[in-house]
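S.K.: Dropping the structure in here first, questions after.
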Amino acid sequence: MSPIRSATIAALASAVVATTLTGCQFGGTEQDTSPIVIAADLELSGASAPVGRAYQRALELKRDQLNSSGALNNRKIELKVKDNRSDSAESLRNIVDFSSDSRVSAIIMGGCNECAVGAVGTINEKRIPTIALAASGAITSPVAERRYVFKLGPNAPDSAAALTTELRRNNIRKVGALVSDDDYGQEGATALKSELDKANITFREQRVKTTDTDVSQQIQQLASGKPDALVFWTPPEQATLAATSASQTTFRGSLFFDAGAAGDLFLGAAARATERATLIFTQTMVIDDVIATTPAKAARRQWFQDYTARFGGYNGSSSFAADAVQLIADAELRAGGEVGKVDRNGIRDVLETSQMDGLSGPIRMTPDNHSGLMPQALTTLVARNGRWRLAG
């Protein structure tokens, strides 16, 4: 893997100091102490509220950490959060409101695929840099039509490839898949089928709406085909619901979760149903199982500990939200522009070439790829005794 620039708080602080000293050498410029205003469009109510609230907690923790670190050169991050109620129309209204506020540097959108895809046209028209935490590839592709839109989080082809590797390793020959009926689910089904075909693994799928609270019928249909394994390519709540439904059928095979199905570290009521299930996700979810041999791993462990200490648990997707704040703060400081004025075009340009070893793993944005999480960020986890653990 190519070396990736570290964007730790210490490095960011050093960059800021260097910039300040350069300004002094050339006669000095007025120091910018204006707030860095980051807007957030999140699912705080409705079907996707659990994930939206996890994102909000992560944004607030990362804001507090950066504000107290001294890395922002006497500037502070302010969050402007609005609930989209898990509704794409409400989300679009929020985006319009945020883009009309000249103080807002950039927007972070939550996990709603439909919301992010539906807002692409408006984001580009308003020219406001936006990082979506939703998984659909349609959010950032084709890049030429999405110049102001970026994405953090696992990509369907990467997740499908990693899942197929695990299925082959476990000698699985026949797979049933429960797939969410949205953009990410459709991408996933296509990517997974392509990978499984190459591995000579048969594939059968059932679709489920992201708002469905009963998936027993679909699971019964899949179980009747006597698969060796079930794959859940759905939001987290549906994945654990599907695991519970599968335990109530004659199915006795293995369970596999796509990265988009990752939720809380502790599995709670679904512990028995998910025991020994496999999840493809980032290492940060189980960083307490990892020896911190690098600064990046040490930073991930500290993030995990700080989040757990404040909120009493851990949500796997929280690191994506924190990395989005770091990317925007870094871009704001590097973009320059007039003191006290937001340079959204400059922020966009910096985001497009951002590289960092983030809390989620290696992140690299390029003009040709606005979906920054590298495939190397994904690893294999297994459910043991009611929580996710590092496999092996």
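S.K.: Can you confirm whether the range 298-309 contains a residue that is open to solvent by less than 10 Å² (accessible area, probe 1.4 Å) and assigned to a loop (DSSP other than H, G, I, E, B)? Steps first, please.
M.R.: Of the residues in the range 298-309, the ones open to solvent by less than 10 Å² (accessible area, probe 1.4 Å) are 303, 307.
With assigned to a loop (DSSP other than H, G, I, E, B) added as a condition, the list becomes none.
No, the range 298-309 contains no residue that is open to solvent by less than 10 Å² (accessible area, probe 1.4 Å) and assigned to a loop (DSSP other than H, G, I, E, B).
S.K.: Oh, and also: Kindly provide the set of residues from the range 159-201 that are hydroxyl-bearing (Ser, Thr, Tyr) and under 28 Å from THR211 (Cα atoms), ordered by number.
M.R.: From the range 159-201, those hydroxyl-bearing (Ser, Thr, Tyr) are 159, 164-165, 180, 184, 190, 194; that's our starting set.
Once the filter is applied, which keeps residues that are hydroxyl-bearing (Ser, Thr, Tyr) and under 28 Å from THR211 (Cα atoms), the range 159-201 yields SER159, THR164, SER180, TYR184, THR190, SER194.
S.K.: Would you mind telling me which numbered condition in (1) in contact with an Asp or Glu (Cβ under 6 Å, 6 or more places away or on another chain); (2) open to solvent by 40 Å² or more (accessible area, probe 1.4 Å) ASP97 fails?
M.R.: Result: ASP97 passes all but (1).
For (1) free of Cβ contacts under 8 Å to residues at least 40 places away in the same chain; (2) assigned to a helix (DSSP H, G or I), each residue gets a yes or a no:
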site: PHE320; (1), (2): no, yes
site: VAL325; (1), (2): no, yes
site: ASP330; (1), (2): no, yes
site: GLY337; (1), (2): yes, no
site: GLY340; (1), (2): no, no
site: VAL350; (1), (2): yes, yes
site: SER360; (1), (2): no, no
site: LEU381; (1), (2): no, no
site: TRP388; (1), (2): no, no
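S.K.: Next question. Within the range 58-78, how many residues are surrounded by fewer than 17 Cβ atoms within 10 Å (Cβ to Cβ) and touching a residue at least 40 places away in the same chain (Cβ under 8 Å)?
M.R.: Qualifying residue count for the region: 6.
S.K.: Additional query: Would you check if there is a residue in the range 182-200 being assigned to a loop (DSSP other than H, G, I, E, B), closer than 30 Å to PRO129 by Cβ and at pLDDT below 95?
M.R.: Scanning the range 182-200, I find at least one residue that is assigned to a loop (DSSP other than H, G, I, E, B), closer than 30 Å to PRO129 by Cβ and at pLDDT below 95, so the answer is yes.
S.K.: Here is a follow-up. Of the residues in the range 161-171, how many are open to solvent by less than 10 Å² (accessible area, probe 1.4 Å) and in contact (Cβ under 8 Å) with a residue 40 or more places away in the chain?
M.R.: Restricting attention to the range 161-171, the residues satisfying the condition of being open to solvent by less than 10 Å² (accessible area, probe 1.4 Å) are 163-164, 167.
Imposing the further condition that a residue be in contact (Cβ under 8 Å) with a residue 40 or more places away in the chain reduces the set to 163, 167.
Residues in the range 161-171 being open to solvent by less than 10 Å² (accessible area, probe 1.4 Å) and in contact (Cβ under 8 Å) with a residue 40 or more places away in the chain: 2 in total.
S.K.: From the list VAL290, VAL325, which one is farther than 13 Å from ALA54 by Cβ and open to solvent by less than 10 Å² (accessible area, probe 1.4 Å)?
M.R.: Within the list VAL290, VAL325, the selection yields VAL325.
S.K.: Which one of the conditions (1) out of contact with any Gly (no Cβ under 6 Å at 6 or more places or on another chain); (2) at pLDDT 95 or above; (3) among the aliphatic types (A, V, I, L, M); (4) not in a strand (DSSP E or B) does MET356 fail to meet, given that it meets all the rest?
M.R.: (4) is the only condition that MET356 fails.
S.K.: If you go through the range 257-265 one residue at a time, do you hit one that is more than 17 Å from the chain's Cα centre (by Cα) and modelled with pLDDT of 95 or more?
M.R.: no
S.K.: Follow-up question, since we're still on this one. I need the full set of residues from the range 138-160 which are touching a residue at least 40 places away in the same chain (Cβ under 8 Å), of a type in the set (Gly, Ala, Ser) and open to solvent by 20 Å² or more (accessible area, probe 1.4 Å), in order please.
M.R.: Those that are touching a residue at least 40 places away in the same chain (Cβ under 8 Å), of a type in the set (Gly, Ala, Ser) and open to solvent by 20 Å² or more (accessible area, probe 1.4 Å): ALA138, SER141.
S.K.: How many residues are in contact (Cβ under 8 Å) with a residue 12 or more places away in the chain and more than 24 Å from ALA47 (Cα to Cα) if we restrict to the range 101-121?
M.R.: Summing the residues that are in contact (Cβ under 8 Å) with a residue 12 or more places away in the chain and more than 24 Å from ALA47 (Cα to Cα) in the range 101-121 gives 6.
The values are calculated or read from the model by the stated rules, or taken from the named source; none is laboratory data. Here the structure is a predicted model, which is why all the values come from computation and not from measurement. Don't worry about glycine lacking a Cβ; one is built from the backbone with ideal geometry, like all the others, and counts go over all protein chains shown. Areas reflect the complete protein model, heavy atoms only, side chains present, ligands, DNA and RNA absent. Shrake-Rupley method; radii C 1.70, N 1.55, O 1.52, S 1.80 Å.
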